[in-house]
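A.B. asks: Structure provided below as structure tokens; questions to follow.
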Amino acid sequence: MKLLLLLLVVAAAWWWLGAGRRVRGGQRGGAAGTAPGGRDRSFREDMPACRHCGVHLPRSDAVFGPGGEPYCSEAHRLAQGDGGTPR
């Protein structure tokens, strides 16, 4: 019985140290630096709000007005006019 308990403690310690090493190495849930869906977690993109409707969208998908204001679509940019004031 003592041998079984000792083996259980050793196995638990081995599992715990192995799990801690994976988390510290950044490899939990797949390859290092990737989210479960395969996307790169190290890239963070700004999410500005549309000046017309307030919807947040990735900066790479935004349409920008002449003053640099972000819009979710060309229609909202045109609806706001040149300068655009939030609604």
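No value in this document is a laboratory result; all are computed from the given coordinates. In this text the structure is predicted, and so the values were computed from the model without any measurement. No Cβ is skipped: glycine too gets one built from the backbone with ideal geometry, and neighbour counts run over all protein chains shown.
A.B. asks: Please give the net charge around Cys72, taking every other residue with its beta carbon less than 11 angstrom from that of Cys72, where Lys and Arg add +1 and Asp and Glu add -1. List each step's numbers first, then the result.
C.D. replies: Values: positive: Arg51, Arg77; negative: Asp61, Glu74.
Local charge sum for Cys72: 0.
A.B. asks: Which percent of Cα-Cα pairs in the range 45-87 sits in each 5 Å bin, short to long?
C.D. replies: With 5 Å bins starting at 0, P(r) equals 6, 30, 38, 20, 6, 0.
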